[in-house]
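Have a look at the structure below before the remarks.
The values are calculated or read from the model by the stated rules, or taken from the named source; none is laboratory data. Given the structure is predicted, the values throughout are model-derived calculations rather than measurements. Quick reminder, even Gly has a Cβ in these numbers, built from the backbone with ideal geometry, and neighbours come from all protein chains shown. Each accessible area value is taken on the protein alone, full model and side chains, heavy atoms only, with ligands, DNA and RNA left out. Shrake-Rupley method; radii C 1.70, N 1.55, O 1.52, S 1.80 Å.
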Amino acid sequence: MDLMDSIRSGILERFRAPPHEMVSESGRFINFMGLRTRVDFFAGGDTHDGAIFNQVPDPDDGIYGGVGEYSAILSAVEASKERFTIVELGAGWGPWISAAGVACRRWGIGDVTLVAVEAVENKLGMIQDHLWSNGLGHHTIRVLHGAAWDQPETVQIPSWVAPVDYGAAAGQTGGDYRGHETPMVDVPGLTLDMICEGLGIIDFMHWDVQGAEVRLVQSNLELLDSRVRRLFIGTHSRSIEGRIMDALYGLGWHLAWEQPCRLRYDSCKPTLEGMTIKDGEQYWINPKLV
């Protein structure tokens, strides 16, 4: 089923939490799936304290993502049976591995593997908190500190990133891609081979890696083609979007959903990625594995 067919068929409604799970909780808000999230994970999040968001995200929920992003991950769960493996790169607080875990519970899948990769060390505890507070601690969980990269080498990120800042990016040279003046610190660069070791077939990957997405695609075509069923990529420049399309179209993959990023052109910014004001979206399906 194409993603638009899934959306038209009401996939978001099929994963809506039952009313008895939609109970307000101080310090958190709840989305339509029953996923609970701490308000202090967001700048200004206290305005959502105790809130219950019953509406499905159409076009988006203003916090996690939009109809395409939700429908992509839910369609991957719905296509699975006894097991589900998800890998989230640039995980932040782990929104999509936790959404997958909650969706698998709703769908009756018990064998679930949740893998998160995050370069900012102070966010690792946020991932653990988010998983446990949503009753997902019994699953197979792998939380890795590092930046998803094309080589197993040391890379740099800003030395301090606020818990509510989800835009920091890894790079090989000092300096923030957005033009922020900040000292940098070394973190390990983790290849997809390292991240995916022992996982077998991966049902869903979610990438939000702030500009590194094209190098990850181009350096991992064989791994992606042989082991990844579905791939959702947050894109961070028009140039990146075209190069990813070239690479995955060349593999014969199906582009099931696409929205270009939005930018505000500013020649004072050091990179095109630094001009992006809203991430783009690409959802790819590997016809060899589905």
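Rounded to 0.05, the FRET efficiency of the E13 and I52 pair, given R0 = 25 Å and the Cβ-Cβ distance, is 0.90. The phi torsions of the stretch 125-130, fed into the Karplus equation with coefficients 6.51, -1.76 and 1.60 and a -60° offset, translate into couplings of x, 5, 4, 4, 4, 5 Hz, rounded to whole numbers, with Gly and Pro shown as x. From helices alone, the chain scores -7000 deg cm²/dmol at 222 nm; the rule is -39500 (n - 2.57) for each run of n ≥ 4 DSSP H residues, then divide by the residue total. With a sphere of radius 9 Å drawn around the Cβ of W207, what net charge do the other residues whose Cβ falls strictly inside it have (Lys, Arg +1; Asp, Glu -1)? Every neighbour counted, the sum reads -3.
Backbone N atoms of the stretch 1-17 closer than 14 Å to the 7 Å Cα→Cβ label point of H254 belong to residues 1-7. Taking 7 Å steps out from each Cα toward its Cβ at R238 and S226 produces label points 3.7 nm apart.
A probe of 1.4 angstrom, applied to the heavy atoms of all protein chains, finds D60 with accessible area near 80 square angstrom. Note on R142 and D5: with the Förster distance fixed at 35 Å, the Cβ-Cβ geometry gives a FRET efficiency of about 0.60. Rounded to the nearest 5, what is the percent of antiparallel bridges among the DSSP beta bridges in the chain? So the antiparallel bridges in the chain amount to around 50 percent. For K123, a cut-off of 14 angstrom between C-alpha atoms picks up these aspartates and glutamates, skipping any fewer than 8 places away in its own chain: D40, E88, D165. Here r is the Cβ-Cβ distance between E153 and H20 and R0 is 51 Å; the resulting FRET efficiency, rounded to 0.05, is 0.55. Annotation: lysines with alpha-carbon distance below 27 angstrom to K81 (same-chain offsets under eight excluded): K288.
Beta bridges assigned by DSSP with both partners in the stretch 1-134 are antiparallel in approximately 35 percent of cases.
Normalised by the number of residues in the chain, the mean separation of alpha-carbon contacts (under 8 Å, six or more apart) gives a relative contact order of 14 percent. Dipole magnitude for the chain: about 500 debye, using +1 per Lys or Arg Cβ and -1 per Asp or Glu Cβ, origin at the Cα centre.
Taking every DSSP bridge with both residues inside the stretch 195-286, close to 75 percent are antiparallel. Packing order of peptides 247-259, 93-105, highest average first: 93-105, 247-259 (average count of other Cβ atoms within 10 Å over each peptide's residues). Along the axis of the charge dipole computed for the chain (Cβ charges of +1 for Lys and Arg, -1 for Asp and Glu, origin at the Cα centre), the listed residues Q282, A103, I244 are led at the positive end by A103. One decimal place: the segment D193-W132 gains 19.3 nm when fully extended, by the rule 0.36 nm per residue minus the C-alpha distance. In summary, the lysines within cross-link reach of K278, defined as a Cα separation below 21 angstrom excluding same-chain residues under 8 places away, comprise K269.
Classify the stretch 51-119 from the C-alpha gyration tensor, please: rounded if a/c falls under 1.5, else prolate or oblate depending on whether a/b exceeds b/c. Here the stretch 51-119 falls in the oblate category.
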